[in-house]
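The values are calculated or read from the model by the stated rules, or taken from the named source; none is laboratory data. Quantities reported herein were computed from a predicted structural model and do not represent experimental measurements. In this analysis, Cβ positions are derived from the backbone assuming ideal geometry, glycine residues included, and neighbour counts consider all displayed protein chains. Calculation scope for accessible area: heavy atoms of the full protein, side chains included, ligands and nucleic acids excluded. Shrake-Rupley method; radii C 1.70, N 1.55, O 1.52, S 1.80 Å.
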Amino acid sequence: MMTKPMVQAQNVYKSFGRLEVLKGIDLEVAPQQVFCIVGPSGSGKSTFLRCINHLEKIDAGRLLVDGELVGYHERGGLLHEMREREVAAQRRKIGMVFQSFNLFPHMTVLGNVMEAPMNVKGETKSIVNERAIKLLERVGLKDKINNYPSQLSGGQQQRVAIARALAMEPALMLFDEPTSALDPELVGEVLDVMRKLAEDGMTMIVVTHEMNFAREVGDALVFMDGGVVVESGHPRDVLGNPQHERTKAFLSKVL
Amino acid sequence: MSSHSIEGRPKAIRAVPVRHPGRWVAAGLIAILTIMAIHALITNPRFHWAEQAKYAFDSSVLAGVRTTLMLTFFSMLIGVVLGIILAIMRLSTNPLVSGAAWLYIWVFRGTPVLVQLLVWASLGALFPTLGLGIPFGHVFFSARTFDLIPGLAAALLGLGLNEAAYMSEIVRAGILSVDEGQTEAATALGMTKMLTLRRIVLPQAMRVIVPPTGNETISMLKTTSLVAYVPYYELLFKIQNIYTRTYQVMPMLIMASLWYLAMTSILMTVQYYIERHFSRGSLRALPPTPVQRFRTRFLGISG
């Protein structure tokens, strides 16, 4: 059976000024897949992730999510920029979790999770409230719903951030080094939540340095360096038996 | 508790505290100066306390107080609303929009507020009539400027538009103080720029915006006294009316000062509680209110 890919990147280029960060990225993410991106810092993996929900505009190539071009309409062979509202509507289907959590500090945990469904989707409070509490229960923070983010540990904050993204009921979740800012003993609790999410069938793209997580949970993995995909395949193969010299050199340092 | 320690917890430290003779000397000096000041206030008949008391709650003075408060409130309202709009304009990527805001701030911050008040009050000299119509074309409606801009309007325009220039800089600093990651997180959740500004950025910017805004309000309360020269009947204007009749200039000016002090004291209290409100989430525990502090300090009750 041919399933429509969730994310398709075709020859994606992106520069910041004179610095070319992405130099022709090609990849496909299937629905329900856990897709890991690894590579040294500065390899363009975070930038690529940010292109998927149009936080960054790509300069060349095509990027499609769920069969739709990200940020553009294509009419008569011409690309038309989307209006702000249309881009925002596309982003609702894509959840994102940041390295630095970025919880809203002036809102309680519950307020953080309820904010977007209520004010972006316009859902009724009682429905959102119920869903938010269920999500917070799922990430193990039901007893913290009335706390403010500053009263939580890093691991707890990141779990709230995951619940906040899930509250929009996205079809795709992007994780941008979700455990890199955490104390070592707090990494596990966040990875556990992500593992459960993967088991529930969520499509996930995970930029990470957690090779064990990638090996155990990932369905596909790419190794990026210098703005290109150097090597791709099943995490077990790429991590266990790297073919490329650059991959070998990188893995020898992090494993 | 560790079980292997035989003596258990050592005795609490009881050290001889450091003496501060300088503080005692300073306190003594301040006490003497205070007593001298009180003595002068009581024994010098030229303060005319009885006269002051007679006029303190005179109906015309109270009307002046009300007008002063009203001018402060509405001028600040104009200043804050217009200030937010100007701040957003200045952060716009469109150079014409940000340039217009810059020009506004340049003009209104660069000229004295008293001059601005007088200009508004005598705008009729520049434009004898004001009208509404098609630019350079038909005029549907026009009226004499002096009828359209009475003293009150001139006062509010002068104070409010000047304040907006200052407020916009305060608001802009507040907006810029909010971490970029907040906007990114909101954008990733599908929020539009305006929604992000309203729900995420401005509430957090408030923590930076409120303290200087409180100062601006207190400053505005005093600046309203310039309106006496527009002229419009606020507190100082009323007081001047009284002392031109009674020739008790100093007692009346002191009385006016006491009124201004009383009003700014109230505003300072309000400011404290507003700042406390907006520090929610940024501090693990809110600072105690003065009442709570008094209770813990003198009655030994906490919480």
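Mean Kyte-Doolittle of at least 0.5 plus a Cα span of 27 Å or more along the axis: flag which DSSP H helices in chain B meet both, please. Result, helices passing both filters: B:21-43, B:59-90, B:151-177, B:249-278. Given a 10 angstrom Cα cut-off, can you work out which residue in B:Thr192, B:Thr217, B:Thr264 is the most mobile in a GNM of chain B? Maximum fluctuation in the GNM of chain B, among the listed residues, is at B:Thr192. Per-residue surface analysis assigns A:Asp183 an accessible area of about 90 Å², computed on protein heavy atoms at 1.4 Å probe radius.
Of the chymotrypsin sites (Phe, Trp or Tyr not before Pro) found in segment B:1-83, those that fall in a DSSP loop while having at most 15 other beta-carbon atoms within 10 Å are B:Phe57.
When the alpha carbon gyration tensor of the protein assembly as shown is reduced to an equivalent ellipsoid, its three semi-axes come out at 60, 37, 19 angstrom, largest first.
Got a sec? Charge dipole of chain A, +1 on Cβ for Lys and Arg, -1 for Asp and Glu; which of A:Ala116, A:Val254, A:Ala132 is way out at the positive end? Positive-most Cα among the choices belongs to A:Ala116. For segment A:109-177, what log10 I(q)/I(0) values come out of the Debye formula at q = 0.13, 0.18 1/Å, with one point per alpha carbon and no solvent? These q points yield log10 I(q)/I(0) values of -0.32, -0.62. Segment A:185-210 and segment B:160-222 have Cα centres lying 36 Å from one another. Of the trypsin sites (Lys or Arg not before Pro) found in segment A:7-66, those that fall in a DSSP loop while having at most 10 other beta-carbon atoms within 10 Å are A:Arg18. For the peptide A:104-112, the mean number of other protein chain Cβ atoms found within 10 angstrom of a residue's Cβ is 5. Under DSSP H, which helices of chain A have Cα atoms covering 15 Å or more of the helix axis and a Kyte-Doolittle average no less than 0.0? Qualifying helices: A:109-119, A:184-199. Summarising the label geometry, the points placed 7 Å from Cα in the beta-carbon direction at A:Leu19 and B:Leu62 lie 6.9 nm from one another. Here the simple spin-label model places points 7 Å from the Cα toward Cβ, and for B:Ile32 and B:Tyr229 these points are separated by 4.2 nm. Taking every alpha-carbon pair within chain A, the share separated by more than 22 Å comes to 56 percent. Comparing B:Leu103, B:Leu62, B:Leu202 in a Gaussian network model of chain B where C-alpha atoms under 10 Å apart are linked, the largest mean-square fluctuation is found at B:Leu103. Treating each Cα of segment A:93-142 as one equal point scatterer and applying the Debye formula with no solvent, the log10 of I(q)/I(0) at q = 0.14, 0.19, 0.26, 0.32 Å⁻¹ comes out as -0.36, -0.68, -1.19, -1.28. Calculated on C-alpha atoms, the gyration radius of segment A:20-168 divided by its Kirkwood radius gives an Rg/Rh of 1.01.
Taking the inverse of the mean reciprocal distance over all distinct Cα pairs, the Kirkwood hydrodynamic radius of segment B:5-63 comes to 17.2 Å. Rolling a 1.4 Å probe across all protein chains gives B:Leu96 an accessible area of roughly 140 Å². Placing a pseudo-label 7 Å from each Cα along the Cα-to-Cβ vector at B:Ser265 and B:Ser219 gives an inter-label distance of 2.4 nm. Overall size of segment B:166-241 from C-alpha positions, given as principal axis extents largest first: 62, 19, 14 Å. From the Kirkwood radius over Cα pairs of segment B:68-187, Stokes-Einstein at 4 °C and 1.567 mPa s returns a whole-number translational diffusion coefficient of 80 µm²/s.
Just so you know, the Cα atoms of segment A:33-113 work out to an Rg and Dmax of 15.3, 48 Å. Each DSSP beta bridge with both residues in segment A:145-255 is either parallel or antiparallel, and the antiparallel ones are about 50%. Applying the criteria of a DSSP loop state and at most 13 other Cβ atoms within 10 Å to the chymotrypsin sites (Phe, Trp or Tyr not before Pro) of segment B:120-154 yields B:Phe136.
Of all beta bridges DSSP finds with both residues in the protein assembly as shown, what is the antiparallel percent, to the nearest 5?
On the way: 29 of 46 bridges.
Counting DSSP beta bridges with both partners in the protein assembly as shown, the antiparallel share is about 65 percent.
When the Cα convex hull of segment B:161-303 is projected onto planes of every orientation, the mean area is 12.9 nm².
So what does the Cα-only Debye profile of chain B read at q = 0.12, 0.15 Å⁻¹, as log10 I(q)/I(0), no solvent term? So the normalised log intensities are -1.06, -1.27.
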